[in-house]
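Q: Shown below is the structure under consideration.
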Amino acid sequence: MAEEKHYNVESFNLDHTKVTAPFVRVASKKVGEKGDVVTKFDVRFCQPNKEFMSTGAIHTLEHLVAEYIRDEIPGVIDFSPMGCRTGFYFTLWGDLDEAYITPHLLNVLDKVAVWNKEVPAATEKECGNYRDHDLEGAKTLAKKWTDGIRAKGWNCYK
């Protein structure tokens, strides 16, 4: 029997064939030398290797969620897209879990799903690729995620 590879990057060790999007899961927790804890979540929108987000939609989601999640929850470090374009990494200060994070994400993504204002920080001065936004695509993805999470819960192995 062949030995299974183990990678330094946690998400490379996730069996992407055994998860069902949408989901939220703790991807990693790090404890600093002074005892500070940082928790990184995998917030998956699309089923791995079956679908992916367009760059415009993922870019707009990132702008909206990154801006408004900070009004919803303290200690946000970053909300950034995965290179595979199936989800985001959400990094926060603290020893947190999915049950704490998911309701806050639902609140923000419910707002995104019906967003009818301009995308924040989407001008040439504020954004490095301001022409590549897709608000309608972002709204569709937000609604799909919130509907899916409510239907099945947050767990990725259901």
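Q: Can you give the relative contact order of segment 61-129 as a percent, counting alpha carbon pairs under 8 Å and 6+ residues apart?
A: With pairs under 8 Å counted, the relative contact order is 34 percent.
Q: Once the principal axes of the Cα atoms of segment 74-158 are found, what is the range along each, listed largest first in whole angstroms?
A: So the three principal-axis extents are 40, 28, 25 Å.
Q: Follow-up question, since we're still on this one. To one decimal place, what Kirkwood hydrodynamic radius in Å is obtained for segment 109-154 from all pairs of distinct Cα atoms?
A: Hydrodynamic radius (Kirkwood, Cα pairs) of segment 109-154 is 11.8 Å.
Q: Nearest 500 deg cm²/dmol is fine: what mean residue ellipticity at 222 nm does the chain get from its DSSP H runs of n ≥ 4 alone, each adding -39,500 (n - 2.57), divided by its residue count?
A: Value at 222 nm, helices only, nearest 500: -11500 deg cm²/dmol.
Q: Which chymotrypsin sites (Phe, Trp or Tyr not before Pro) in segment 67-158 sit in a loop by DSSP (not H, G, I, E or B) and have at most 10 other Cβ atoms within 10 Å of their own Cβ?
A: Passing sites in segment 67-158 are Tyr157.
Q: Where in segment 100-139 are there trypsin sites (Lys or Arg not before Pro) that are in a DSSP coil and have at most 13 other Cβ atoms within 10 angstrom of their Cβ? Display every interim value, and only then the final one.
A: Values: sites: Lys111, Lys117, Lys125, Arg131, Lys139; in loops: Lys117, Lys125, Arg131.
Taking segment 100-139 and a limit of 13 other Cβ atoms within 10 Å, the loop trypsin sites (Lys or Arg not before Pro) found are Lys117, Lys125, Arg131.
Q: Please return the longest stretch of the chain lacking exposed loop sites, where GluC sites (Glu not before Pro) count only if DSSP places them in a loop and at most 13 other Cβ atoms lie within 10 Å. Please list the in-between numbers first.
A: Values: sites that count: Glu3, Glu4, Glu33, Glu51, Glu118, Glu124, Glu126.
With GluC sites (Glu not before Pro) excluded where exposed in loops, the chain gives 52-117 as its longest stretch.
Q: Which residue fluctuates the most in the chain, going by a Gaussian network model with Cα springs under 10 Å, if the choices are Leu64, Leu135, Leu96?
A: Highest fluctuation of the listed residues: Leu96.
Q: Set the bar at 18 Å for Cα to Cα. Now go through Lys111/Lys144; Lys111/Lys139; Lys18/Lys50; Lys111/Lys143; Lys40/Lys111; Lys18/Lys152 and name every pair that lies beyond it.
A: As for pairs spanning more than 18 Å Cα to Cα, those are Lys40/Lys111.
Q: Now, a different point. Beyond 18 Å, what share of the Cα-Cα pairs of the chain is found? Please give it as a whole percent.
A: The share of Cα pairs beyond 18 Å in the chain comes to 59 percent.
Q: With springs only between Cα atoms under 10 Å apart, run a GNM on the chain and tell me which of Lys40, Lys18, Lys144 wobbles the most.
A: Lys18
Q: Next up: Report relative contact order for the chain in percent, whole number only (criteria: Cα-Cα under 8 Å, sequence separation at least 6).
A: 29
Q: Quick query: amide H of Asp132 versus all other amide H atoms, modeled in the peptide plane; which residues come in under 5 Å with a sequence gap of 5 or more or a different chain?
A: none
Q: Alpha carbons only, please: Rg and Dmax for segment 11-104, in angstrom.
A: 13.4, 42
Q: Please list, in order along segment 41-47, the HN-Hα scalar couplings obtained from phi with the Karplus expression 6.51 cos²θ - 1.76 cosθ + 1.60 (θ = phi - 60°), rounded to whole Hz, x for Gly and Pro.
A: 10, 9, 10, 9, 9, 10, 5
Readers should treat all values here as calculations from the given coordinates under stated rules, not as data from a laboratory. Nothing here was measured: the structure is a model prediction, and the numbers come from that model. Positions of Cβ are backbone-derived with ideal geometry, glycine not excepted, and every protein chain shown enters the neighbour counts.
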